[in-house]
Amino acid sequence: MSTVSIIEVKTAGQLKQFVRFPMDLYKNNPYYVPSFINDEINIWNADENPALQYSEAKQYLAYKNDKIAGRIAVLINHKEERELGIKKVRFGWIDFIDDAEVSKALIQKAVDYAKEKNIDKIEGPMGFTNLDKAGMLVKGFDQLATMIGIYNHEYYPRHLENLGLIKEKEWVEFEIIFPETLPEKIHKFNQLISEKYKLKVLKFKTKEEIIQYVDPMFDLLDETYKHLSTYTPISDEQRKTYKEKYFKLIDKDFIVCIADEHNNLISFAITMPSYSKALQKSGGKLLPFGWWHFLQAGKKNDRANFYLIGIHPDYQRRGVTSIIFKEIWNIFRKKGVKYLETNPELEENKSIQLLWQDYNPVNHKRRRTYSMEIK
């Protein structure tokens, strides 16, 4: 009778196996999109990931018949506990073959870790912070994954539910087909809103011109989402890391920034060409030839992903989103983009979902975290 053994990741070699396991598991899956291998490795390096300054984490590999059959990470965000009073063990980076013995052993490791830390709840899959990937896919298994979304086999949710885990939070994602033309009333409405509130769309000639607005963008993110019960403010260290990590991938033409008459940023939206197929072709590596696929995806692409949006509370529900979407439409027309996929949004966050209501959005993906109370 075969049994499952669990080992803690302790060496660089084991960490590489931990990172590469899903690439082997989904080798022939046309919808899976790998992460950057180096970025995944650096997540567990305190010098590269500021979240480790206030978090603790361990990674594990599951073996069956002398082969890697699964993985899981367990972590505790102490900042979340201090600022929100939420005490739980997060689990993430969970992948496994379709074997109930394997998934049970992995979840048991999260339970054991919670008991060791005198914590009575586990929840996942999720990362360290609000800006990390979260949510197990429960709808959309036949849809191409994005850089910021977790992809998993259809059997994953069934395994967790069979183990007694229940739905904790759920996110929805939408696909939008952009129209060939915009009605004249939209153009007139945008002009009316801009004149009424003395707003202007900022234009950038170079990527460097955007830098002065990056911190105000993070400030707007905090203002936009602080009402959500699970949101924790973005730290200075996180801001620095995300600037360094993602700024090189941002195309200035895909950023919309709106300022008031005093040049204060009141809203922004970041979209990017879809790099999903580029990541598939590169195998999660920029070198030696992965950069070429990314370069081509940035030049010619009929699909884009919506990454971040921030709107100052004073301007929410005042028509500002209409200005944003008109600008995005202008960008997409010039770039040849026809399809936009939104980022995951909490299902109760109706204010954000209203952004898409005039564009016939199709809810093509759902994902959720699962939790369990530890007795």
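The values are calculated or read from the model by the stated rules, or taken from the named source; none is laboratory data. Predicted, not measured: the structure shown is a model, and the values here were computed from it. Glycine gets a Cβ as well: all are built from the backbone with ideal geometry, and neighbour counts include every protein chain shown. Protein only, heavy atoms only, side chains kept; ligands, DNA and RNA dropped before computing areas. Shrake-Rupley method; radii C 1.70, N 1.55, O 1.52, S 1.80 Å.
Do the conditions hold for E175, that is, is it among the charged types (D, E, K, R) and more than 23 Å from the chain's Cα centre (by Cα)?
Judged against the criteria, E175 is not a match.
Looking only at residues in the stretch 302-333 that are in a strand (DSSP E or B) and open to solvent by 40 Å² or more (accessible area, probe 1.4 Å), which one is modelled with the highest pLDDT?
We begin by selecting, within the stretch 302-333, every residue in a strand (DSSP E or B); these are 303-311.
Still in the running and open to solvent by 40 Å² or more (accessible area, probe 1.4 Å): 303, 308.
Working: R303: 93, L308: 84.
Ranking the candidates gives R303 first.
Remark: K109 falls outside the filter, which requires a residue to be surrounded by fewer than 16 Cβ atoms within 10 Å (Cβ to Cβ), in a helix (DSSP H, G or I) and in contact (Cβ under 8 Å) with a residue 60 or more places away in the chain.
Residue under question is L295, and the condition is that it be open to solvent by 20 Å² or more (accessible area, probe 1.4 Å), among the aliphatic types (A, V, I, L, M) and within 22 Å of Y225 (Cα to Cα); does it hold?
Numbers: open to solvent by 20 Å² or more (accessible area, probe 1.4 Å): yes; among the aliphatic types (A, V, I, L, M): yes; within 22 Å of Y225 (Cα to Cα): no.
No, not satisfied.
For the stretch 240-296, the set of residues classified as among the acidic types (D, E) and touching a residue at least 60 places away in the same chain (Cβ under 8 Å) consists of D253, D260, E261, listed by residue number.
Taking the criterion of being within 18 Å of L354 (Cβ to Cβ) and in contact (Cβ under 8 Å) with a residue 60 or more places away in the chain, the residues of the stretch 297-310 that qualify are L308, I309, G310.
Okay, residues lined up against (1) open to solvent by less than 40 Å² (accessible area, probe 1.4 Å); (2) closer than 18 Å to W93 by Cα:
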| site | (1), (2) |
| --- | --- |
| E123 | yes, yes |
| M126 | yes, yes |
| G135 | yes, yes |
| I148 | no, yes |
| E161 | no, yes |
| E173 | yes, no |
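Taking Y60 as the residue in question, decide whether it is more than 22 Å from the chain's Cα centre (by Cα) and among the hydroxyl-bearing types (S, T, Y). For Y60, the condition - more than 22 Å from the chain's Cα centre (by Cα) and among the hydroxyl-bearing types (S, T, Y) - is met.
Sort out for me the helices (runs of 4 or more DSSP H) sitting completely within the stretch 181-286 that have 1 or more residues that are open to solvent by 70 Å² or more (accessible area, probe 1.4 Å) and modelled with pLDDT under 85. Lay out the reasoning, then the answer.
Numbers: elements: 184-197, 214-225, 236-246, 276-282.
Once the helices (runs of 4 or more DSSP H) in the stretch 181-286 are filtered for at least 1 residues that are open to solvent by 70 Å² or more (accessible area, probe 1.4 Å) and modelled with pLDDT under 85, what remains is 184-197, 236-246.
Against the conditions (1) at pLDDT below 85; (2) farther than 13 Å from E173 by Cα; (3) assigned to a helix (DSSP H, G or I), K375 satisfies every one except (3). Each residue in the stretch 219-235 was checked for being touching an Asp or Glu at 6+ places or on another chain (Cβ under 9 Å) and under 20 Å from N49 (Cα atoms), and 4 pass.
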